[in-house]
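None of the figures in this text is laboratory data; all of them are computed from the coordinates on show. Computed from a predicted structure; not experimentally measured. Cβ sites come from the backbone with ideal geometry, for glycine too, and all protein chains shown count toward neighbours.
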Amino acid sequence: MSDFDQVVRGGVVVTGADAVRADVGIWGGTVAAIGQDLDTSGAQVIDAGGLLVMPGGIDTHCHIEQLEPDGTSYEDTFEIASAACFAGGTTSVITFAAQFKGQRLGPVLAEYHRRAALGMVDYSFHQIINDPFDAVIAEDVPEVVASGVRSLKVFLTYDDVRVNDRQYLRVLAAARRAGALVTVHAENYDAIGWLTEALVKAGMTAPKYHPWGRPTVVEREATHRAIALAELIDQPIQIFHVSGPGPAEEIARAQARGLKVWGETCPQYLVLQAADMDRPGFEGAKFMCSPAPRGKAETEGLWEAIRAGTIDVISSDHSGHSFSKEGIGKRRFGTDVPFTQIPNGVPGLAARLPIVFSEGVSKGRIDLQAFVRLTATNPAKLFGLYPRKGTIAPGADADLVLWDPAKKVTITNSLMQHAIDYTPYEGLDVTGWPVATIARGQVVMRDDVVTAEPGSARFLARGPYDMIKPRGVFPNGFDTSAIMI
Ligand code: DUC
Ligand code: ZN
Ligand code: ZN
């Protein structure tokens, strides 16, 4: 009788470091052994012949069932989003708990826990801080972090949710005291406001003008400022959704100086372009996200930054806004509106791994191990999930994706398995596709059919870890985070 419940047999096991032909033995939902010709007697055998066996993807930036200030929410429920994740080979997410003005964090987080527990994909949260008033900073942030939500998120732009520089400093200091990472949406609020007002006054209001209102320079400036202020507090940060080499250079310079600054990008910046928004009528709204997709040269520059390690995580920034449904999603405020009133964001939970694999590995830009690092291992390490998640090793959760590297697929919305009525990647040809997804030892997707039980999701509490410890270096030698201001 073998020591395993299941054996994934005959695949090429790929981790962030290696690619070896081996079997993976699973017992009780965790990896028990990796080896040649494991004993399969009495175990369920999952044939991986001709396939890659990789860690399930970890998507550390996705907006699932996120509430809006008016009480409505992004369209995918956790249940549907879980199906989309499994369809695309992703087995863990870090999504958002969004605070709005005047709210204490405890009840906000509790509501997101209630919703996420109804899904199937393992989850954690970034706590969005929109209103860092005294009780939030002094009491709520330490409580939220102690409960296992070890990352905060701030927006430096957007009317309803942004923090100003002084508020950002407050959040950085609170994170430093509590031992949390801060993630940042970095675009310059006033510059975008200025440009947008000019565009609207000039009658340039179609979706194609969205990128005109937020060119690279506004992202570059905010990235530089976000890093400089983090340096002042000595607080580690990750810059979200880097759209091109301009902001990536700011990150590279900070990293070269030894600062704890990391960069993330998303598939939309690897395959979409500003020109996609230049379509007749309202069609361009399908591609509107912020920062805006740029051009082909920026895409190649991004790959350079990825290969250099400046950008070491690729997440989806999945945002559930349908295109054709009246009164919601992209049409929330109608279609006869300036681009300023079209909700930002594109869906991408299921498309993330196939696009990164196809554009990266199949086109020869990165190797298999880099693919695993970018989509699973590095996000797990940066956000305190490693080695339980993000690798294939004895003791790790048996979260696996069985991948056919040669399968050619044309992306179409039904394959995405989300609640959104379109994908911005419709018609994109990819090489490489997930054949099966295994979450904690259960086969939850095979041949595009998802079979997971709603309510099987688990919260991933994240304790302290070394990677995000501050350096103890201050520009003026004075640790202001030690003082509650
Ligand atoms: N940009 C964001 O900052 N959030 C959601 C979607 C988007 O495009
Ligand atoms: Zn953002
Ligand atoms: Zn986002």
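If each DSSP helix of 4+ residues adds -39,500 (n - 2.57) and the sum is divided by the residues in the chain, what number results at 222 nm, nearest 500 deg cm²/dmol? Mind dumping the intermediate values first?
On the way: 13 runs with 121 residues, N = 485.
Calculated from helices alone, the mean residue ellipticity at 222 nm is -7000 deg cm²/dmol.
Restricting attention to the chain, close to 45% of DSSP beta bridges with both partner residues there are antiparallel. Once backbone amide H atoms are built at 1.01 Å from N, Thr183 has Leu152, Lys153, Val154, Gln238 as its partners under 5 Å, excluding neighbours fewer than 5 places away on the same chain. Between the helical axis of 245-256 and the longest alpha-carbon principal axis of the chain there is an angle of about 80 degrees.
With the simple spin-label model, which puts each label point 7 Å out from Cα in the Cβ direction, the Ala135 to Ala110 separation comes to 1.3 nm. The phi-based Karplus calculation (6.51 cos²θ - 1.76 cosθ + 1.60; θ = phi - 60°) puts the 3J(HN,Hα) values of the range 16-32 at x, 10, 9, 9, 9, 6, 6, 9, 10, x, 10, 9, x, x, 10, 6, 9 Hz, whole numbers, x for Gly and Pro.
When every Cα-Cα distance of the range 57-371 is counted in 10 angstrom steps from zero, the calculated P(r) takes the values 6, 27, 37, 25, 4, 0 percent.
Of the three principal axes defined by the Cα atoms of the range 1-128, the extents in descending order read 59, 27, 22 Å.
Dipole magnitude for the range 110-162: about 280 debye, using +1 per Lys or Arg Cβ and -1 per Asp or Glu Cβ, origin at the Cα centre.
Using Cβ contacts closer than 10 Å as the measure, can you line up Arg471, Arg332 from fewest to most?
Values: Arg471 12, Arg332 18.
So the ranking, lowest neighbour count to highest, is Arg471, Arg332.
Close amide H contacts of Ser316 (hydrogens built in the peptide plane, cut-off under 5 Å, sequence separation of 5 or more or a different chain): Thr60, His61.
If you average 1/r over every pair of different alpha-carbon atoms in the range 213-341 and take one over that average, what Kirkwood value in Å do you get?
Taking every pair of different Cα atoms in the range 213-341, averaging 1/r and inverting gives 15.7 Å.
Lysines near Lys389 by alpha-carbon distance under 30 Å, same-chain residues fewer than 8 away left out - which ones? Counting by Cα, and skipping residues close in sequence, Lys389 has these lysines nearby: Lys153, Lys260, Lys363, Lys381, Lys407, Lys408, Lys469. Rounded to whole Å, give me the distance from the Cα center of the range 380-436 to that of the range 241-293. Distance between centres, Cα-based: 21 Å. Listed by chain and number, the lysines placed with their C-alpha closer than 17 angstrom to that of Lys208 are Lys286, Lys296, Lys330; residues fewer than eight positions away on the same chain are left out. Length, then width, then depth: along the principal axes, the Cα atoms of the range 131-170 run 29, 18, 16 Å.
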